[in-house]
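Here the structure comes first, spelled out in structure tokens, and everything after it is commentary.
The values are calculated or read from the model by the stated rules, or taken from the named source; none is laboratory data. Just so you know, these numbers come straight off a predicted model, no measurement behind them. We place every Cβ from the backbone using ideal geometry, glycine too, and count neighbours over all the protein chains shown. Keep in mind that these areas ignore ligands, DNA and RNA; they rest on the heavy atoms of the full protein, side chains included. Shrake-Rupley method; radii C 1.70, N 1.55, O 1.52, S 1.80 Å.
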Amino acid sequence: MATPRTTTALVIPELNGQFELQEVQLNDIQPEEVLVEIEASGICHTDLSCAIGLLPCRPGAVLGHEGAGKVLSVGTSVTHLSPGDSVLLSFSHCESCAPCLSGHPSYCHSFNVRNFSGCRPLPVLPDGSVDSSSLSPDGVDPTADPSFATFVTKDPGGGKPIFSQFFGQSSFARHTLVHKSTCVKVPPDTNLALFAPMGCGMQTGAGAVLNSLGVKPGSSIAVFGVGSVGMAAVMAAAYIAKAKTIIAVDLQESRLELAKKLGATHGVLAGTVAADLKGEVRRICPPVGVDYAVDCTGSVAAIRTMIEVLGTRGRAATVGAPGFGKEVKVDVMEHLTYGKEYVGSCEGDSLPREFIPFLIEQHAKGNFPMDQLVTFYDVKDYKQALEDSHKGKAIKAVLKWS
């Protein structure tokens, strides 16, 4: 099938958080790309952070990185997919560096370049940084070159490049050209709208618990921030890892109540015990704190508190993105004498082609009831979906394009 020349996309004209539906033009498909007709797109906090410039973005961007849809056509180098296949979309990775080859593609050496540059994959050096010597000899910025974009504007005199292929997909569009590494093939009867958030939020929260932290049965864990990622962490800890004590920490009572329905044994309203959150956690998990903790907020203050509430040989992970350049102070002697560990967890250290089908299987068994988190919106109601997401009314908003 020929690539549609135009499609509808949800565009962020300025970095002020305000989106609008626009007609855009698709570029020609490249050998490592897949043309996907999007059926649903999850709204993730990372999209909203980029839309206000907290994370790398440019005006006019097409964001979206929790897409799901049907394959319309494939590039000449794509061998694992065919037109008509159902796919869930995740992050872009090179498939050839040491982390990718060892089953840890979320730590791909070129992860930041591939997922945040807003263009097709740029040539990189072995350490993942952009190889400027391989770019245009006349010094043209590749992000200003239409051939590096998957979307261009519909200008009469020739389209201008749009910030696109965000996380290898830019799935806030009816049709999109995605990098082949983002695609997870699923059975044709898969509920694509329900499982669209698997590509980022769900696998990130669950993966932090199961992959990065390795939570053990009978252990204790504190989850800071129970939005969609935190809820995924709670469900994975309760029903898959079989943790005994699961403490949900949040600023919204309604979220804590839902977290308890989904497996949390305790809910702590952070604003009411902020002065002694460490003491509250130790009261619940005496004598010195929890075995594991995960921060899903990206708040530097929350991350520091998370580390403080760890017990002896406790292990903590950050999955919330605070933006580049943020730092957290650590009491080194306490960290040393308690044997604490603090790690980063990108995309839940997941191998999407294996972990996403695993989570879908767990959902079928009743161990990952993510359907209780999802609220569906027709794409024309995107403003309501964004407002509900900002206010916390929708834990995980999903836009339906068809």
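For first residues located in the range 279-303 and touching a residue at least 12 places away in the same chain (Cβ under 8 Å) and closer than 12 Å to Gly230 by Cβ, partners that are of a type in the set (A, V, I, L, M) and in a loop (DSSP other than H, G, I, E, B) and lie 6+ apart or on another chain with Cβ distances below 8 Å form the pairs Ala293/Val309; Val294/Val319; Asp295/Val319; Cys296/Val226; Cys296/Val319; Gly298/Ala321.
The numbered conditions (1) open to solvent by less than 60 Å² (accessible area, probe 1.4 Å); (2) in contact (Cβ under 8 Å) with a residue 24 or more places away in the chain are all true for Cys108 except (2). Restricting Glu37, Glu14, Glu32, Glu20 to those that are free of Cβ contacts under 8 Å to residues at least 24 places away in the same chain and more than 19 Å from the chain's Cα centre (by Cα) reduces the list to Glu20.
Given the conditions (1) modelled with pLDDT of 90 or more; (2) assigned to a loop (DSSP other than H, G, I, E, B); (3) of a type outside the set (D, E, K, R), which single one is not true for Pro156? Of (1) modelled with pLDDT of 90 or more; (2) assigned to a loop (DSSP other than H, G, I, E, B); (3) of a type outside the set (D, E, K, R), only one is false for Pro156: (1).
Of the residues examined, Ser170 is one that is of a type in the set (Gly, Ala, Ser), within 18 Å of Ser73 (Cα to Cα), in contact (Cβ under 8 Å) with a residue 40 or more places away in the chain and part of a loop (DSSP other than H, G, I, E, B).
The residues of the range 329-368 that are in a loop (DSSP other than H, G, I, E, B), crowded, with 16+ Cβ neighbours inside 10 Å and not polar (S, T, N, Q), listed by number, are Lys340, Cys346, Leu351, Phe368. For the range 151-186, the tally of residues that are closer than 22 Å to Gly201 by Cα and surrounded by fewer than 19 Cβ atoms within 10 Å (Cβ to Cβ) stands at 1.
If the requirement is being of a type outside the set (Gly, Ala, Ser) and open to solvent by less than 40 Å² (accessible area, probe 1.4 Å), which of these qualifies: Phe148, Phe195? Outline the logic, then answer.
Values: Phe148 fails: open to solvent by less than 40 Å² (accessible area, probe 1.4 Å).
The match here is Phe195.
Just one of (1) open to solvent by less than 20 Å² (accessible area, probe 1.4 Å); (2) more than 24 Å from Asp47 (Cβ to Cβ); (3) acidic (Asp, Glu) fails for Asp250. It is (2).
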